[in-house]
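Participant: Structure provided below as structure tokens; questions to follow.
The values are calculated or read from the model by the stated rules, or taken from the named source; none is laboratory data. Just so you know, these numbers come straight off a predicted model, no measurement behind them. Note that each Cβ is placed from the backbone with ideal geometry, even for glycine, and that neighbours are counted across all protein chains shown. Keep in mind that these areas ignore ligands, DNA and RNA; they rest on the heavy atoms of the full protein, side chains included. Shrake-Rupley method; radii C 1.70, N 1.55, O 1.52, S 1.80 Å.
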Amino acid sequence: MRKALRWLLALTVLIGTLGTAATAEAATAAEPQATATADIKDRLLAVPGMSLIEEKPYPGYRYFVLGYTQPVDHRHPARGTFQQRITVLHKDTSRPTVFYTGGYNVSTNPGRREPTQIVDGNQVSMEYRFFTPSRPDPADWSKLDIWQAASDQHRIFEALKKIYPRNWISTGGSKGGMTATYYERFYPRDMDGVVAYVAPNDVVNDEDSAYDRFFASVGTKECRDRLNAVQREALVRREPLEKKYAAYAAENGYTFTTVGSLDRAYEAVVLDYVWGFWQYSLLSDCESIPANAAGATDDEIWTSVDTISGFSFYTDQGLAPYTPYYYQAGTQLGAPTIHFPHIEKKYVRYGYQPPRNFVPRDITMRFRPSAMRDVDTWVRHNAHHMLFVYGQNDPWGAERFRLGKGAKDSYVFTAPGLNHGANVAGLVADQKTLATARILAWAGVSPTAVSQAKPLAKFDAGLDVRDVEREPALRP
């Protein structure tokens with residue numbers, strides 16, 4: 001019955017699809033002929049504030065890396081500007097457009113996200129403000145918040161909608177999924193649909209018991225025991241492994257001013273170990289974890305922790321590119337805190353450290369608990385054309401977005417056995433079909449394509465991103 005009701009909902013929306021397509025066709029026809037037939041590069045560069053950084057060829061597409069002039073403060077546009085990088089993967093102005101951000105730096109190589117392949121459309125990708133080089137100079141960190149970033153997207157959309165008049169869908173994974181959600185909250189009339197992948201939702205920053213429950217049951221007991229034992233052993237052998245860490249840091253020129261000491265950095269890396277495994281690995285990868293941690297060599301413990309957590313990350317050099325993320329985590333987004341019942345207290349000196357410890361001290365931070373509560377309340381009561389996809393074994397999904405009675409044509413699905421790289425393709429069959437059909441309907445493609453509920457573009461190994469993006473463990 002549930003499956004039948006889902007398909008009934010899917011089919012009823014097809015009626016509106018024809019009207020949407022007709023409206024888009026009328027908008028295209030209304031464009032001046034000379035403008036509509038101009039080269040796409042010329043049309044993009046005719047947008048006020050747009051500049052070309054480079055164009056890269058890719059078969060079947062035009063790909064541009066662009067700079068776009070944005071106000072530092074959208075509330076006071078006259079108080080300075082900065083150059084924000086965006087990219088455009090252009091297929092055809094008659095196709096839908098997907099608006100993507102990962103919430104961090106933008107890749108300058110051609111890439112196509114899953115919704116872009118599904119709708120066979122164009123893709124506009126945005127670098128999140130304050131990630132270099134899209135950082136104002138001087139940097140007023142108080143202007144790094146979710147509303148300002150959403151307003152960046154809104155201006156880009158308004159500038160490019162005239163060139164790409166068909167339907168738009170916003171998307172992003174992890175912090176990018178959060179970003180797509182916040183954009184919808186502040187500018188709900190811009191997008192025709194939202195596909196948010198593995199988006200954490202830390203509504204109450206000081207209440208993180210959901211993560212502890214997750215780690216007590218994820219995967220199998222055998223795998224959890226292996227991971228816990230290696231993590232504990234790395235702290236038991238702290239002295240010899242920190243000597244190895246000091247030599248490693250000296251060899252590579254790493255320093256520890258931001259986090260405070262090598263000892264703090266070492267523990268932070270080790271405590272990320274179990275989280276990092278489940279974020280990036282599958283249950284089958286547990287075979288690579290030492291089965292007998294107590295009998296493993298120092299090098300085996302080091303290599304396992306370094307492979308999963310990365311000993312370079314909590315150095316000054318490793319943290320610097322992610323200062324904007326930790327600033328946001330410590331001012332609006334929130335950050336998880338978990339406990340380690342399998343490790344005696346005498347071995348844990350600092351525990352999960354707060355975002356403040358990973359941001360240079362000359363940057364002022366103040367946490368605003370109302371930001372995430374506002375977004376969560378809005379999604380529960382106002383979500384419209386929104387799809388949230390999570391991975392069953394992804395720690396970040398322990399605190400997720402949920403839908404209330406006010407949500408319409410919106411869904412929360414979980415991909416079984418998957419991690420932080422969960423996607424529509426990994427859903428169970430009926431959910432995959434429904435999700436694909438809804439994305440196609442929101443994109444305004446033909447009713448026939450919607451009813452078939454299959455991606456309109458063939459998989460391209462050179463373009464399509466399928467694997468989870470490698471990121472430090474305690475960062476969505």
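Participant: List every residue pair whose Cβ atoms lie under 6 Å apart, where the two residues are 6 or more positions apart in sequence or sit on different chains, the first residue falls within the range 176-192 and is touching a residue at least 60 places away in the same chain (Cβ under 8 Å), and the second residue, located anywhere, is open to solvent by 10 Å² or more (accessible area, probe 1.4 Å) and hydroxyl-bearing (S, T, Y).
Facilitator: Here the result reads G177/Y197, each pair linking the range 176-192 to a residue that is open to solvent by 10 Å² or more (accessible area, probe 1.4 Å) and hydroxyl-bearing (S, T, Y).
Participant: Do you know which residues across the range 414-436 are crowded, with 18+ Cβ neighbours inside 10 Å and farther than 21 Å from G173 by Cβ?
Facilitator: The answer is T433, and nothing else.
Participant: Could we say that T315 is hydroxyl-bearing (S, T, Y), farther than 28 Å from D362 by Cβ and either surrounded by fewer than 22 Cβ atoms within 10 Å (Cβ to Cβ) or within 25 Å of the chain's Cα centre (by Cα) (or both) here?
Facilitator: It is false that T315 is hydroxyl-bearing (S, T, Y), farther than 28 Å from D362 by Cβ and either surrounded by fewer than 22 Cβ atoms within 10 Å (Cβ to Cβ) or within 25 Å of the chain's Cα centre (by Cα) (or both).
Participant: In the range 431-463, what residues are assigned to a helix (DSSP H, G or I) and without any contact (Cβ under 8 Å) to a residue 12 or more places away in the chain?
Facilitator: Within the range 431-463, K432, T448, A449, Q452 meet the criteria.
Participant: Still on this structure: If we keep just the residues of the range 72-94 that are surrounded by 14 or more Cβ atoms within 10 Å (Cβ to Cβ), touching a helix residue (DSSP H, G or I) at 6+ places or on another chain (Cβ under 8 Å) and of a type outside the set (A, V, I, L, M, F, W, C), which is nearest to L463 (Cα to Cα)?
Facilitator: Only one residue fits best here, namely H90.
Participant: Of all helices (runs of 4 or more DSSP H) completely enclosed by the range 303-399, which ones contain at least 2 residues that are of a type in the set (K, R)?
Facilitator: Working: elements: 316-319, 323-328, 370-382.
The qualifying helices (runs of 4 or more DSSP H) are 370-382.
Participant: Follow-up. Any residue that is over 29 Å from T179 (Cβ atoms), out of contact with any Asp or Glu (no Cβ under 9 Å at 6 or more places or on another chain), open to solvent by 10 Å² or more (accessible area, probe 1.4 Å) and acidic (D, E) - is there at least one of those in the range 205-221?
Facilitator: For the range 205-221, residues over 29 Å from T179 (Cβ atoms), out of contact with any Asp or Glu (no Cβ under 9 Å at 6 or more places or on another chain), open to solvent by 10 Å² or more (accessible area, probe 1.4 Å) and acidic (D, E): absent.
Participant: Output the residues belonging to the range 178-202 that are part of a strand (DSSP E or B) and either open to solvent by 10 Å² or more (accessible area, probe 1.4 Å) or touching a Pro at 6+ places or on another chain (Cβ under 7 Å) (or both).
Facilitator: Scanning the range 178-202 gives V195, Y197, P200.
Participant: Filter the range 223-268 down to the residues that are among the hydrophobic types (A, V, I, L, M, F, W, C) and free of Cβ contacts under 8 Å to residues at least 40 places away in the same chain, then identify the one that is surrounded by the most Cβ atoms within 10 Å (Cβ to Cβ). Step through it out loud before you land on a result.
Facilitator: First, the residues of the range 223-268 that are among the hydrophobic types (A, V, I, L, M, F, W, C): 223, 227, 229-230, 234-236, 241, 246-247, 249-250, 256, 259, 262, 265, 268.
Pick out the ones that are also free of Cβ contacts under 8 Å to residues at least 40 places away in the same chain and you get 246-247, 250, 262.
Values: A246: 13, A247: 10, A250: 9, L262: 17.
So, considering only residues that are among the hydrophobic types (A, V, I, L, M, F, W, C) and free of Cβ contacts under 8 Å to residues at least 40 places away in the same chain, the one surrounded by the most Cβ atoms within 10 Å (Cβ to Cβ) is L262.
Participant: Can you tell me how many residues in the range 404-427 are basic (K, R) and within 12 Å of F388 (Cα to Cα)?
Facilitator: Initially, the range 404-427 is screened for residues basic (K, R), giving 405, 408.
Filter once more, keeping what is within 12 Å of F388 (Cα to Cα): none.
Selection size over the range 404-427: 0.
Participant: Could you give every pair whose Cβ atoms fall below 7 Å, whose first residue belongs to the range 363-391 and is closer than 21 Å to G173 by Cα and open to solvent by 70 Å² or more (accessible area, probe 1.4 Å), and whose second residue is hydroxyl-bearing (S, T, Y) and modelled with pLDDT of 95 or more, counting only separations of at least 6 or pairs across chains?
Facilitator: H384/S410
Participant: To continue, here is another question. Restricting attention to strands (runs of 3 or more DSSP E) lying wholly within the range 95-177, give those where 1 or more residues are open to solvent by 20 Å² or more (accessible area, probe 1.4 Å).
Facilitator: The qualifying strands (runs of 3 or more DSSP E) are 97-100, 168-173.
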